[in-house]
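Read the structure below first, then the notes.
The values are calculated or read from the model by the stated rules, or taken from the named source; none is laboratory data. Everything numeric here is computed off the predicted structure, so don't read it as measured data. Because the Cβ atoms are built from the backbone with ideal geometry, glycine has one as well, and the counts that use them run over all protein chains shown.
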Amino acid sequence: MADKFPYRIEVTGPAEERFGEILTPAALAFLARLDNAFAGRRCEVLDARRLRRERLASGEEKLDFLPETRRIREDDWMVAGAAAGLEDRRVEIAGPTDRKMAVNALNSGAKVWLADFEDATSPTWHNVIDGQLNLFDAIRRDIDFTTDAGKRYAIADSPATIVARPRGWHLVEKHIRIDGRPVSASLVDFGLYFFHNARQLLARGSGPYFYLPKLESHREARLWNDVFRLAQAELGIPQGTIRATVLIETITAAFEMDEILYELREHAAGLNAGRWDYIFSLIKNFGDQGADFVLPDRSQVTMTVPFMRAYSELLVSTCHKRGAHAIGGMAAFIPSKDPDANTIAFDKVRQDKEREAGDGFDGSWVAHPGLVPVCREVFDEVLGGWPNQLGRLRDDVEVGADDLLNVASAGGEVTETGVRANINVALRYVDAWLRGTGAAAISNLMEDAATAEIARCQVWQWIRNGTKLADGTAVTAELVHGYLDEEAERVRADLSAGHRLDDARAIFEETALGEKLPSFLTTGAYARYLTDTGSLT
């Protein structure tokens, strides 16, 4: 490829059937142009993240709404808004891009499928490129799935609108290198999907739509907007064709919702409230700042506690003021064969969706097709014949910095059960992730990487602050090591042959029990365990 392009492009992942349909010379050249234009700026925003986190952790900086962008918050302006297929988003189903999920999600009755290359996908080389192939086929209505029992499923009429979620700016794709350096995973996922499918989507009356994860500032949104502009120019697609929905899943982004929408305004469709990552971000930034920022057991941090309610109501108010959709959080329950357990779980899901619809959200997420009907029923009751609630401006919402940072308002307590549950679910999830599964069914819940992140961060925070359990016992490294031994044996008894429990335990120890808290467990684990450069294609 060095003879054709001004860059040396190497693909070091193993070649599999049909991978050449995605990794074409033209597609790789497109990735190279994106990388050449934005690799330096990506490094700059990641450096800015790190420096800001250090200032917040040390107390040098107080998190607040930015004075230099007050004009943006106060001025009248609107985003591009919904495009074809995104006007009605009352139910969205989220999941990985494997073939079975693609067919089930598209046929689920949801309005939107969040095709997830990020937290719900273990970023093995196979998953990354196979996922692109599955989306390529799905968009062309050339995808089916046959069960072990021989039952065949194909895409039905009126499938869900696809919104792809690329990996975050902090990740790289080590199997594609340009001039010797790995390419941004964000650009790989976005670039391959956009290059192969943008025109086809437009021809079918839809468009290239994206969810943007892990943003921490409006400058990161500006970077994405510039990526969109260059990508559209390269393919000769009209500017403003792309639509992006941003996940507000970091505490710093919660203070810049207006600014994020403003930077993306020619491409913006909405914002989403991502609960687990949001709490994970709070711990990363303030986990060292004493008891006022110590959270109780994960199960007690619901969307009804005051600081989480402030965040969700501010999101709705901000979105509707700017003509953007507000999308609610995940219902992760997986229906089981136990009717009593299902009744309790469905009641909780309904209550959660009723709260969101009542607050003005335009739609919400589910993780399983079995939850689509209950979510749809709730939003149908509130929306009536309208596709959304954009006309409900929520001028009554007044949220200040203290409301967003009032972590102590969660109340609750830390229990032995809660510590053990975090250890247990982290081990189970990371084992599944190492074996190539990014969306793992654990205790009747569909868990993704955000679950493991908050679980290990909470354990680190409790140790760091010497938090007392409900019975008065202090959480120490020694106590957690004892729990870890016991929980690892419980998990081991449930796992099948070929498990990666020992590796999962090592990752947990490195990312939860050390002096410093690593920003993400997935970055180091990916480089150590999921990078396969055994053959050159």
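Name, by its number, the condition in (1) assigned to a helix (DSSP H, G or I); (2) polar (S, T, N, Q); (3) in contact with a Ser or Thr (Cβ under 7 Å, 6 or more places away or on another chain) that does not hold for SER299.
The one condition SER299 does not meet is (3).
For segment 377-397, give me each residue that is surrounded by 20 or more Cβ atoms within 10 Å (Cβ to Cβ) and either in the same structural domain as GLU447 (by TED's automatic domain parsing) or within 26 Å of LEU445 (Cα to Cα) (or both).
VAL378, PHE379
Among the residues that make up segment 49-66, is at least one of them under 27 Å from GLY131 (Cβ atoms) and touching a residue at least 60 places away in the same chain (Cβ under 8 Å)?
Within segment 49-66, one or more residues are under 27 Å from GLY131 (Cβ atoms) and touching a residue at least 60 places away in the same chain (Cβ under 8 Å).
Find the residue count for segment 298-330, including only residues that are among the hydroxyl-bearing types (Ser, Thr, Tyr) and without any contact (Cβ under 8 Å) to a residue 12 or more places away in the chain.
So the count comes out to 1.
Can you tell me which residue among ARG140, ARG152, ARG99 is under 20 Å from PHE195 (Cα atoms), surrounded by fewer than 24 Cβ atoms within 10 Å (Cβ to Cβ) and basic (Lys, Arg)?
Being under 20 Å from PHE195 (Cα atoms), surrounded by fewer than 24 Cβ atoms within 10 Å (Cβ to Cβ) and basic (Lys, Arg) holds for just one of ARG140, ARG152, ARG99, which is ARG140.
Just the residues that are touching a residue at least 24 places away in the same chain (Cβ under 8 Å) and either buried (at least 20 other Cβ atoms within 10 Å of the Cβ) or polar (S, T, N, Q) (or both), please, taken from segment 331-342.
Of everything in segment 331-342, those that are touching a residue at least 24 places away in the same chain (Cβ under 8 Å) and either buried (at least 20 other Cβ atoms within 10 Å of the Cβ) or polar (S, T, N, Q) (or both) turn out to be ALA331, ALA332, PHE333, SER336.
Among the listed residues GLY40, GLY81, which satisfies the condition of being assigned by TED's automatic domain parsing to the domain that holds SER217 and either modelled with pLDDT under 95 or on the phi > 0 side of the Ramachandran plot (or both)?
After applying the criteria, what remains is GLY81.
Against the definition (within 25 Å of GLU356 (Cα to Cα), among the aromatic types (Phe, Trp, Tyr), touching an Asp or Glu at 6+ places or on another chain (Cβ under 8 Å) and crowded, with 16+ Cβ neighbours inside 10 Å), how does TRP113 come out, yes or no?
The answer is yes for TRP113.
Given the criterion within 27 Å of the chain's Cα centre (by Cα), outside the structural domain of ALA115 (by TED's automatic domain parsing) and over 25 Å from PHE333 (Cα atoms), identify the matching residue among LEU427, LEU513.
Going through LEU427, LEU513 in turn, just one is within 27 Å of the chain's Cα centre (by Cα), outside the structural domain of ALA115 (by TED's automatic domain parsing) and over 25 Å from PHE333 (Cα atoms): LEU513.
Go through segment 456-509 and give me each residue that's out of contact with any strand residue (DSSP E or B) (no Cβ under 9 Å at 6 or more places or on another chain), at positive phi and free of Cβ contacts under 8 Å to residues at least 24 places away in the same chain.
GLY472
Just a yes or no: is a residue in segment 233-250 charged (D, E, K, R) and assigned to a strand (DSSP E or B)?
Looking through segment 233-250, at least one residue is charged (D, E, K, R) and assigned to a strand (DSSP E or B).
Of everything in segment 149-165, what is part of a loop (DSSP other than H, G, I, E, B) and either within 17 Å of SER206 (Cα to Cα) or touching a residue at least 60 places away in the same chain (Cβ under 8 Å) (or both)? Give them in sequence order.
Passing the criteria: ILE155, ALA156, ASP157, SER158, PRO159, ALA160.
Here's the yes/no breakdown for (1) in the same structural domain as ARG89 (by TED's automatic domain parsing); (2) surrounded by fewer than 23 Cβ atoms within 10 Å (Cβ to Cβ); (3) more than 29 Å from ALA357 (Cβ to Cβ); (4) charged (D, E, K, R):
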{"site": "LEU212", "(1), (2), (3), (4)": "yes, no, no, no"}
{"site": "LEU223", "(1), (2), (3), (4)": "yes, yes, yes, no"}
{"site": "GLN239", "(1), (2), (3), (4)": "yes, yes, yes, no"}
{"site": "GLU256", "(1), (2), (3), (4)": "yes, no, no, yes"}
{"site": "ASN272", "(1), (2), (3), (4)": "yes, no, no, no"}
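Given the residues ARG435, ARG428, which is the only one that is modelled with pLDDT of 95 or more, closer than 25 Å to LEU517 by Cα and in contact with a strand residue (DSSP E or B) (Cβ under 7 Å, 6 or more places away or on another chain)?
ARG428
Which of the residues belonging to segment 502-516 are of a type in the set (A, V, I, L, M) and surrounded by fewer than 18 Cβ atoms within 10 Å (Cβ to Cβ)?
ALA506, LEU513
What are the pairs with Cβ atoms under 9 angstrom where one residue, in segment 255-269, is within 14 Å of ASP75 (Cα to Cα) and the other, located anywhere, is acidic (Asp, Glu) and not in a helix (DSSP H, G or I)? Sequence gap at least six, or different chains.
TYR262/ASP75
Applying the selection to segment 302-315, what residues are in a helix (DSSP H, G or I), among the polar types (S, T, N, Q) and surrounded by fewer than 17 Cβ atoms within 10 Å (Cβ to Cβ)?
Matches in segment 302-315: none.
Taking the criterion of being modelled with pLDDT of 95 or more, under 25 Å from LEU114 (Cβ atoms) and outside any helix (DSSP H, G or I), would at least one residue in segment 273-288 satisfy it?
yes
Which one is surrounded by the most Cβ atoms within 10 Å (Cβ to Cβ), of the residues in segment 343-368 that are hydrophobic (A, V, I, L, M, F, W, C) and in a loop (DSSP other than H, G, I, E, B)?
PHE361
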